[in-house]
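Just below is one structure, and these are the notes that go with it.
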Amino acid sequence: MFEILSTVFKYIFIIIIYYFVYAIIRLIYLDISTTTHTGKKLSGKNPYLKLINRRETLNFRVDESYFLDEEKTLGRSNKNEICIKDPFLSGEHAAFLRNKDVWYVSDLGSKNGTYVNDEKIDATPYELTDGDTVHLGQLNFIFVDVREV
Amino acid sequence: MDSIYNVYKPFRMVMFFNVLAFTLMFLHEDKKDFITLAWGIGIILLIFGVYVLIKWRHWGDEYLFLISSMLVSIGLMMIYRLDPDIGKRQIVWFAGGASLFLLSYLIFNLMPMWNSKKLYYIYPAASFLLFTLTLAYGRRIGGAINWLSIAGINIQPLEVIKLLFIFFTASYYKHRESLKALSLKIKGNDFRIKSIYIYGVLSYIHMGFLVLQREWGGALLFFLIYFTLLYIFESNLKFMLANVFFAGAGSLGGILFLSHIQTRIDIWLNPWADISGKGYQITQSLFAIGSGGFFGTGIGLGSPELIPEVHTDFIFSAICEEMGIFGGTGVILLYLLLVYRGIKISLKINDIFYKALALGISIMIGFQTFIIIGGVVKMIPLTGITLPFISYGGSSLISSFIALGILQAISSGKSIQMEETHEGE
């Protein structure tokens, strides 16, 4: 009686251990993939700026991505909503503006300029579409807009 | 997210494992003793309580305790099967370990003075005091003087010293810039000894004491922790090479001149030469692993009790015999996950003290597992060291849980400034 039970149980024990390992790995994996973007879950509602520089090559703090859930300015000073201590950025470098569902970027008179798809832009708002590259200071961003319109 | 968490609750599997394990243990006994079931329920409630507390209060990483409780459950089942009396004692130790786990979490978070510079010399001083006490008053059990009897309770000072050593190492990397170099005047010449050499010498004194106690496994463990952290945090290549040469010369000297080490290496190379004497333990262990096959003989159906010291050092052989290679590999995978979590926690931290501490604790668990599992499967020479969380032994279990509590406290980030971003490495 005990022999049969123990023989059955040894398989169950092994299945439990491996299922446990699988479940833990799965949970860890889910944790990683949902928090990849600055700890926020991807809501799919807001566009964001994704950094394409390798972060290790920059010697200041910068996030992997910045969400555009409201109009934001970008620059070196703390007054900006997106503050990055890149020495090549001006204090107030660029602004991200919204008109209904369309996003624009405009330069705030920066020294080194703002480039969208390698074209220098000025103070007139420039419309951003999904996949545009935005270059400021040493930073290269991609504008990602995956909203369902 | 909630639906995903509900479907794959690894926590339920730990519970399920314990229910099955203790039912089996109950049936395994000749006279059916309902006390066994009561102990089982106690274990389940204990794991449940601690896990819910961690989840409910958001006390940092939840996987650390989950994985370690699975390991403890496997170990408890094996020990209980080998000897119910020892198993019951181990359950009590586990209860103590779990409460000390929570206590060390709280203490570590409430008192953020562990990284203070004053403690840098206190950690090694405390270790040396414990070493000296052990050598002077210690009892010799199984070849090594490593037991200290305090008020009737036997403790293994090494388990405490391991933690002190990791704290000492971490605090060195925190303060290495501000530590003063020692100036010496010998025959009118000024010698300045840089702080890193003092740190190195102090670390080697730890290992020297362990060699005096004939605790080879411990000495190897300390060296591996010391050198891994050195490799990670120190850019001074010359110093590192000097360490390699020093350690190489030391171990070569040991092999050539110390008969104890020679014996161990002889047994490792050919245990079959003296199968009834010195090679008995390791050959029995190999027989046990071999007779287990892929899925094992089944709990209670093998004969792991033939191996001497099976419930402490050789517990892995018993697991391999009765749960098979698949069971053994599962155990190794669990350790891998535990160490992975520890390294992940350490990567997220900016403060170098906590970073080194988290890393030190993770690699301590990892190397300890490697040294003993490698030893019992005859991959490396056997040295007596416990398998963390699984082996029988109060000191070992409790110190492992204290280390885990510190790791847990670091992962919660309450006393430490952590990077707010979660990177998706």
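Brief remarks follow.
- Scanning region B:198-238 for residues that are free of Cβ contacts under 8 Å to residues at least 24 places away in the same chain and hydroxyl-bearing (S, T, Y) turns up B:Y231, B:S235.
- Enumeration of residues in region B:266-316 that are modelled with pLDDT of 90 or more, in contact with a Pro (Cβ under 7 Å, 6 or more places away or on another chain) and either aliphatic (A, V, I, L, M) or under 25 Å from A:F2 (Cβ atoms) (or both): B:I282, B:A288
- Options A:G113, A:G109, A:G75; residue that is small (G, A, S), in contact with a Gly (Cβ under 8 Å, 6 or more places away or on another chain) and at pLDDT 85 or above: A:G75
- Residue in region A:41-61 that is within 11 Å of chain B (Cβ to nearest Cβ) and either on the phi > 0 side of the Ramachandran plot or at pLDDT 80 or above (or both) present: no
- Being at pLDDT 80 or above and within 20 Å of B:A318 (Cβ to Cβ) is a property that holds for A:I16.
- Breaking point among (1) surrounded by 14 or more Cβ atoms within 10 Å (Cβ to Cβ); (2) of a type outside the set (S, T, N, Q); (3) not in a loop (DSSP other than H, G, I, E, B), for A:K120: (1)
- Scanning region B:282-304 for residues that are at the interface with another protein chain (Cβ under 9 Å from one of its Cβ atoms) and among the polar types (S, T, N, Q) yields one hit, B:T297.
- B:E177 vs. criteria within 24 Å of the chain's Cα centre (by Cα) and charged (D, E, K, R): no
- Index of the failed condition, A:V144 passing every other in (1) without any contact (Cβ under 8 Å) to a residue 60 or more places away in the chain; (2) farther than 20 Å from A:D86 by Cβ: (1)
- Residue within region B:89-101 that is crowded, with 22+ Cβ neighbours inside 10 Å, within 13 Å of chain A (Cβ to nearest Cβ) and either touching a residue at least 40 places away in the same chain (Cβ under 8 Å) or of a type in the set (S, T, Y) (or both) present: no
- Within region B:193-221, being touching a Leu at 6+ places or on another chain (Cβ under 7 Å) and not in a helix (DSSP H, G or I) holds for B:I193, B:Q213, B:E215.
- Flag if B:F326 is closer than 24 Å to B:V14 by Cα and either surrounded by 23 or more Cβ atoms within 10 Å (Cβ to Cβ) or among the acidic types (D, E) (or both): no
- B:I275 in contact with a Ser or Thr (Cβ under 7 Å, 6 or more places away or on another chain) and within 14 Å of chain A (Cβ to nearest Cβ): no
- For region B:309-330, taking the residues that are within 16 Å of B:G375 (Cα to Cα) and either of a type in the set (F, W, Y) or free of Cβ contacts under 8 Å to residues at least 24 places away in the same chain (or both), the one that is nearest to the other protein chains (Cβ to nearest Cβ) is identified as B:T329.
- Restricting attention to region B:43-62 and to residues that are touching an Asp or Glu at 6+ places or on another chain (Cβ under 9 Å) and surrounded by 15 or more Cβ atoms within 10 Å (Cβ to Cβ), the residue that is nearest to B:I315 (Cα to Cα) turns out to be B:Y51.
- Considering (1) under 18 Å from the mean Cα position of the chain (by Cα); (2) at pLDDT 85 or above, the lone condition that A:V102 does not fulfil carries the number (1).
- Only one entry in B:I363, B:I371, B:I390, B:I406 is crowded, with 22+ Cβ neighbours inside 10 Å, of a type in the set (V, I, T) and within 14 Å of another protein chain (Cβ to nearest Cβ), namely B:I390.
- Unmet requirement for A:T129, which otherwise passes all of (1) hydroxyl-bearing (S, T, Y); (2) surrounded by 18 or more Cβ atoms within 10 Å (Cβ to Cβ); (3) away from every other protein chain (no Cβ under 14 Å): (2)
Quick grid of which residues meet (1) more than 21 Å from the chain's Cα centre (by Cα); (2) assigned to a helix (DSSP H, G or I); (3) modelled with pLDDT of 90 or more; (4) within 14 Å of another protein chain (Cβ to nearest Cβ):
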position	(1), (2), (3), (4)
B:F17	yes, yes, yes, yes
B:A21	yes, yes, yes, yes
B:L27	yes, yes, no, yes
B:K32	yes, no, no, yes
B:I41	yes, yes, yes, no
B:W56	yes, yes, no, no
B:F65	no, yes, yes, yes
B:S68	no, yes, yes, yes
B:L76	no, yes, yes, yes
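- Every condition in (1) buried (at least 21 other Cβ atoms within 10 Å of the Cβ); (2) within 10 Å of chain A (Cβ to nearest Cβ); (3) within 19 Å of B:S73 (Cα to Cα) holds for B:L333 except the one numbered (1).
The values are calculated or read from the model by the stated rules, or taken from the named source; none is laboratory data. None of the values given here were measured: they were computed from a predicted structure. We place every Cβ from the backbone using ideal geometry, glycine too, and count neighbours over all the protein chains shown.
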